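Note sheet for the following structure.
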Amino acid sequence: MARWYGPICIVLLSLLLQGCARPSVHEPVTLTLLEEWSNKTFSEARQQELQQFTRETGIRVSLLPSPDSARQRLVLWRELLGTGALGPDVYGIDVIWPGMLAEYFVDLKPYFANEVSLQFPAMAAPYTVDNKLVAIAYRADIGLLYYRTDLLRRYGYRDPPRTWDELEIMAARIQAGERAKGKKQFWGFVWQGAADEGLTCDALEWQAAEGGGRIIEENHSISVNNPQAIKAWQRAAHWVGSISPPGVVGYREWDSLNVWVAGDAAFMRHWPSASLDSQAAGSPIRNKFDTALLPGGKAGRVGTLGGWGLAVSRFSAHPREALELVRYLSRRDVQMKRSRELSQPPTLPELYNVPEVLELNPRFDLLSQAFQTGMVFASFERHWQEIPGRDRRVHPGSALRADWQEECAGSCCSPGG
């Protein structure tokens, strides 16, 4: 816990100093923006966008630091909003947070009805709670399969796997072949196995593909405790130490990406942003990989929708200026520039048909298809108390423990259970 007190203290100190130094009526307004800082490249690009916003409007923006993990960020967001403080003015919020934080934000529907109608419906829908538009999507994400094109050709495969069973077979064969050539640390498949949000996204994809539901359904019924979901998790547990490293149960996004970029894996489950590091100058796998929809099962192929939206605090002293900032950051030309420079997928379907966007991001054609079939998992924290105590044990993190399978076979999957 102490590791992330630093960012909290910095945020609070920044807000305190801005509160003490009230601008005069002749000084420009300074907004505060609190959102995810994914890495140095993205934060530097964001600063450039904010500088351009200031040049266009005269409104200054102070970008505040944030903790590293989604769970830590949510705690900080709640603490700040719960105080009713005047800042931050604009918050970036994860696609699964609107239900938990809706009461603290301005309804954007009167201001952004047209903009929302132009976005992918599946991307815009999660930000509406009880007919209130809590935030407007500005960054899109979805789970994808990364695969080594050179290795698939080497081992006689024309196409990436279409099912999880095919992936298991292909990964095992390629791994065995590469190890026989001396690459003893080569693995067939890397993913996110730490008991965190990343694993929940992965597990949702596995179980939904097998007809195991989406953990919490749209009618708020708890569907997670079912044989299809548990069977999918047991299959993943079998991967650990076979086609995936034993340490994968502690992997977060950066851990799996590091193994992949080093050239030590045939397949990887990750987000679209991983293309940037994979194709970077000096990358061992540059021009040796491609992306595909995630493999599926008897119920089809599913990717977890992720992403972030921008929300305006109802406590902001500058709501008009805050709305201008949200409009600017979600604007068509800003999204297009962001996609060209950072390969960040836009939220507007029409941008996926613009030649200058596709020229630099040929994989966007696949993303356009994926964003129409992906699903968002419901917020656990919002509905946690609705889940019976026995079902709370049925979690993908538990499924990766060897002793869990025996326990699950005896109780979790029992009829009527």
remark   = Sorting 258, 220, 199 by the position of each Cα along the dipole of the stretch 144-301 (Lys, Arg +1; Asp, Glu -1; all at Cβ), the one nearest the positive end of that ordering is 258
inquiry  = Give me the extension gain from residue 220 to residue 183: residue separation times 0.36 nm, minus the current Cα-Cα distance, reported in nm with one decimal.
reply    = 8.6 nm
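Taking the number of other C-beta atoms within 10 Å as the exposure measure, put 190, 224, 129 in order starting with the fewest.
Numbers: 190 28, 224 23, 129 18.
Placing the least packed residue first, the sequence is 129, 224, 190.
Taking only the Cα atoms of the stretch 144-301, how large is their convex hull per residue, in Å³? Walk me through the numbers before you get to the answer.
Working: hull volume 16.7 nm³, N = 158.
Output value, Cα hull per residue: 106 Å³.
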remark   = Cross-link reach from residue 337 to aspartates and glutamates, straight Cα distance under 18 Å and at least 8 residues apart if same chain, gives 44, 49, 56, 115, 141, 350, 356, 359, 365
query = What are the residues whose amide H is under 5 Å from the amide H of residue 289, where those residues sit 5 or more places off or on another chain and H is modelled from the backbone?
reply = 149
request  = Grab the beta carbon distance between residue 340 and residue 176, set R0 = 41 Å, and tell me the FRET efficiency rounded to 0.05.
outcome  = 0.50
ask   = Out of 106, 51, 91, whose Cα points farthest toward the positive end of the dipole of the stretch 50-119 (charges: +1 Lys, Arg; -1 Asp, Glu; placed on Cβ)?
value = 51
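With charges set only on the Cβ (+1 for Lys and Arg, -1 for Asp and Glu), what does the dipole of the stretch 144-301 come to about its Cα centre, in debye to the nearest 20? The partial results should precede the final answer.
Details: 19 positive and 18 negative charges, 158 e Å.
Here the size comes out at about 760 debye.
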request  = Excluding residues on the same chain fewer than 8 positions from residue 183, give the lysines whose Cα lies under 28 Å from its Cα.
outcome  = 288
All Cα pairs of the stretch 215-340, percent lying beyond 20 Å = 66
Those lysines that a straight Cα-Cα span of less than 23 Å connects to residue 298, excepting residues fewer than 8 apart in one chain = 231
ask   = Measuring from label point to label point, each 7 Å out along Cα→Cβ, what is the residue 331 to residue 83 span in nm?
value = 3.2
ask   = How big is the Kirkwood radius of the stretch 157-240, worked out from every pair of different alpha carbons and given in Å to one decimal?
value = 14.4
task = Can you tell me which of 94-104, 261-271 comes out highest on packing, and rank the rest after it, using the mean Cβ neighbours within 10 Å?
result = 261-271, 94-104
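How much of the DSSP bridge set in the stretch 144-301 is antiparallel, in percent, rounded to the nearest 5? All intermediate terms of the calculation are to be shown ahead of the outcome.
On the way: 11 of 16 bridges.
Antiparallel bridges: around 70 percent, rounded to the nearest 5.
Sorting check: for 171-177, 330-336, which peptide has the highest mean count of neighbouring beta carbons within 10 Å, and how do the rest follow?
On the way: 171-177: 18.6, 330-336: 16.4.
With the highest mean Cβ count within 10 Å placed first, the list reads 171-177, 330-336.
Where a number appears in this text, it was derived from the coordinates with a stated rule and is not lab data. Keep in mind that this is a model prediction, so the values were computed, not measured. Ideal geometry is used to build each Cβ from the backbone, glycine not excepted, and the neighbour counts take in all protein chains shown.
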